[in-house]
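Remarks on the structure that follows.
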Amino acid sequence: MKRKINFRIITATLFTFSVAMLMPSQASAFDADAAKALAKRNDCMKCHAIDKTKKGPSYKKVAAKYKGKADGQSKLITNFTTEPMVKLSDGKEEKHKLIDTKDINEQKNLADWILSL
C-alpha cells in the first residue's frame, strides 16, 4: 500500500512539473530587445527611464502600479495609443505621446516588457 501512495505522489509531482515547464513564463512571453527598440524609436526614454524618474515615472514605478492587475496590459496600451493627459514630475500636465505602431502584438510586447520590470 505504501508503495502505491509513493508512486501516486511521484506521478502527480512529475505531471505538475511537466505542465509547468510547458507553460510560457512571463520572461519568455515578450521580446525585450524589440520592446526597447520600439521605446527608443518613439523617444519614450526621453521621459521615462527604467529605474529613475525623469519627466515621467520610471518604468519600474509604472510596472508596480499595474503589475498583477487583470487589466494592466490594456491600461498601458491605452496610455501609449490614445494620448491621455498625464501628470509630469514637475506637476504640469500634457498629452502622452502616441507610439508609431498600430500592430497590437508590438503594443502588447512593449506593455509586457514594462510590466516585467
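The values are calculated or read from the model by the stated rules, or taken from the named source; none is laboratory data. A quick note: this is a predicted structure, and the numbers were derived from the prediction, not measured. Methodologically, a virtual Cβ is constructed for each residue, glycine included, from the backbone with ideal geometry; neighbour enumeration extends over all protein chains shown.
Points to keep in mind about this one:
- Every residue from region 57-73 that is within 11 Å of LEU115 (Cα to Cα) and of a type in the set (Gly, Ala, Ser): ALA63, ALA64, GLY68, GLY72
- Residue in region 68-81 that is at pLDDT 95 or above, under 22 Å from the mean Cα position of the chain (by Cα), outside any loop (DSSP other than H, G, I, E, B) and aliphatic (A, V, I, L, M) present: yes
- Here LYS54 passes the criteria (1) touching an Asp or Glu at 6+ places or on another chain (Cβ under 7 Å); (2) more than 17 Å from TRP113 (Cβ to Cβ); (3) among the charged types (D, E, K, R) except the one numbered (1).
- Selection within region 33-63 - assigned to a helix (DSSP H, G or I), surrounded by 14 or more Cβ atoms within 10 Å (Cβ to Cβ) and touching a residue at least 12 places away in the same chain (Cβ under 8 Å): ALA34, ALA35, LYS36, LEU38, ALA39, CYS44, TYR59, LYS60, VAL62, ALA63
- Selection within region 64-117 - hydroxyl-bearing (Ser, Thr, Tyr), farther than 18 Å from ILE50 by Cα and surrounded by 14 or more Cβ atoms within 10 Å (Cβ to Cβ): SER74, THR78, THR81, THR101
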